[in-house]
């Protein structure tokens, strides 16, 4: 079992397996990061949001959501639910199937958010490559308003259907450092996504069983940039993490546990005005 | 030549008033309206012995040309002025009656009067800007406004020119121009606060008192008395020594608690009392006030019309009988008072009427209105659209024709959407529940809500106008509504700490808000007391990806 963008620490398997990428691959990845950064428009999406620390993405949901692959091969299934700010009419349910063969990584998923009046359904697909030195993936999400009904023909409707294409790239920079960039919505057409998600760039540093990360989300519209900092700790089959974000300042904690191929994740983020957002996920395959 | 240089000014100083003679102390030449019978000239004898006026000639001078002096009065053999006494030559309407009743027919300045003594001594008092030197002694005195006299202050002043000796003053025939002891209320300065107190509400009376005498008045020498004259009968509200000392010429403000007034329309009469006051005529002033609501009340105020219909206010007859609206005035903070016209008939009890800046435009904008109940007010006092430092934009004041306050509303324009009138409901002035206003109709009742907070629609197109409504458990509250995107970032604040009634609704233009899912968060707290609540709703703004 391997992970792309390997770092030492909580997200690293096996522990202490830090590597230095080859200069050619490193140059390619840096160029890729730069291209994505230049091409990124304001990002939008929140359909496949897993309860996982930003510094250590793992699983098919994260691959579809952010375009960041890991090095874990084999077949994995992941189901998640998110309750946004305690609003009962704004809950997300998602299911994703992912797999890896050699360096190729892929995932496909479906999700549904909100009630029939204002909610939508989504279909997501991501495909990429991952090695120890780094990885990259493309992701596509198609959304459709729930009020259009279940008829398949409604997917071709010009109103209430939208599509977005984006991707992510990560690179292991050595000495326990890992860099990533995710631009989930480089291209979008049709009905607007529910949230603008601009380019996110981040750096993680792992040592022993701990990982520290920092990330910055580019400004959406005329607003300021977002920032997040977090710390993840790992001990055997158990992982814990805590993160803090700005605009407004808030924090969250998460926990993941795995046994015999079954992984359970949960995270809660507390917003000073809106209340708590709770994420739960259950996976088969992979590690916490 | 130091001696001569010193003597010349002294000689000049002695020229205006002949030595050891009575002198001109006051000239009243311009009464308000017709002068006939009101004019007078007062002579004052500052000497220690009585002075005979036999053969004394009082002449009036026409300053428009040289040598135009005409005789007005000649002293008889029995006319004299006691030591320190006064002798008034004046018209039949002068009070107290003059010693010599004469129609003086004095001209308004620049003119003059003079005394010519039998042995040739002359005293000239000129007023206004003169072209010819014979009409004044030194610089002439001021040309005083109608209703005031030209008075020598102090009464024996003789400083070498009319300009130095005389000044405008309230007419005081037969009395000292500057008495030794005289305290006065400055007319028109009385003010009640609040201007129209509610029944049982304590009120204060403010005003100005001045020492017009030559003697300093120590603290406590002057007593202020305030008496109310409600329909139920006279009642003394206040009798209290003023605690401030007053030097001659000084004025002082007072602001005294009166307690609660009797309900209804009434006079308040204030009086200052000073032992030995030589001029009691200036000791009183009065104010017509009302305690409690008047017969006509304001129910809606359109201070910022957006469709060219002009400003307007809606009024309601809260009395038990019909009201003639032409017997009322409407004004703002200023002094101009508009009078209603062009409507028809009396306003029946509980009925509504509209007082409009532009009656025709209003009727064109609201064609269903009954034109008989729409009145034009002229002149219309334009109502301000933005708050000043007091937190209010303007006042809307209804008065009866005699000036009695009927209702006064200070309104704030803060948080009132453009074009939306203010209406009285739920015990306060709030933006109208119908943004178009409801002239001649009661306020539209807010919709019934199943929860504390509701959105008119959970899906809106980009650039549309949203609608929100609330139902709070407090009669008055402070409300904040904020929008957050799905990442928890605040993107808009449609309402910020606005004072709102328990139930209300508000339109909200989305503006340039991007398509997406948002959380609308309402937070409220009572305007007084503790407690708070918050509720949030999901909102979807539809639009194409950008």
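Would it be correct to say that residue A:76 is within 14 Å of chain B (Cβ to nearest Cβ) and at pLDDT 50 or above? When the stated conditions are applied, residue A:76 does not pass them. When you go through (1) more than 41 Å from the chain's Cα centre (by Cα); (2) more than 7 Å from chain A (Cβ to nearest Cβ); (3) part of a strand (DSSP E or B) one by one for residue B:463, which number turns out not to apply? Just one mismatch for residue B:463, condition (3).
Being at pLDDT below 95 and buried (at least 16 other Cβ atoms within 10 Å of the Cβ) narrows it down to one residue among B:391, B:310, B:334, B:343; which is it? When all the criteria are applied, what remains is B:343. Among the residues of the range A:98-124, the ones that are under 23 Å from residue A:282 (Cβ atoms) and either more than 14 Å from every other protein chain (Cβ to nearest Cβ) or free of Cβ contacts under 8 Å to residues at least 60 places away in the same chain (or both) come to 15 in all. Before we move on, is residue B:266 surrounded by 20 or more Cβ atoms within 10 Å (Cβ to Cβ), more than 23 Å from the chain's Cα centre (by Cα) and either outside the structural domain of residue B:193 (by TED's automatic domain parsing) or under 26 Å from residue B:347 (Cα atoms) (or both)? Judged against the criteria, residue B:266 is not a match.
For the residues A:143, A:147, the requirement of being within 27 Å of residue B:537 (Cα to Cα), over 13 Å from the mean Cα position of the chain (by Cα) and modelled with pLDDT under 90 singles out A:147. Of the residues making up the range B:34-56, those that are part of a strand (DSSP E or B) and surrounded by 17 or more Cβ atoms within 10 Å (Cβ to Cβ) number 6.
Inspection of the range A:125-132 finds a residue satisfying the criterion of being more than 17 Å from the chain's Cα centre (by Cα), more than 30 Å from residue B:518 (Cα to Cα) and away from chain B (no Cβ under 12 Å).
Looking at residue B:289, is it assigned to a strand (DSSP E or B) and closer than 30 Å to residue B:181 by Cα? So residue B:289 does not fit the description; no. Restricted to the range B:84-106, and to residues there that are touching a strand residue (DSSP E or B) at 6+ places or on another chain (Cβ under 6 Å) and assigned to a loop (DSSP other than H, G, I, E, B), the residue that is nearest to residue B:129 (Cα to Cα) is B:106. Would you check if there is a residue in the range B:469-478 being within 13 Å of chain A (Cβ to nearest Cβ) and within 47 Å of the chain's Cα centre (by Cα)? No, the range B:469-478 contains no residue that is within 13 Å of chain A (Cβ to nearest Cβ) and within 47 Å of the chain's Cα centre (by Cα). Residues that are within 7 Å of chain B (Cβ to nearest Cβ) and crowded, with 24+ Cβ neighbours inside 10 Å were ranked within the range A:170-194; the one that is farthest from residue A:91 (Cα to Cα) is A:188.
The values are calculated or read from the model by the stated rules, or taken from the named source; none is laboratory data. Predicted, not measured: the structure shown is a model, and the values here were computed from it. All Cβ positions, even for glycine, are placed from backbone atoms using ideal geometry, and neighbour counts span all protein chains on display.
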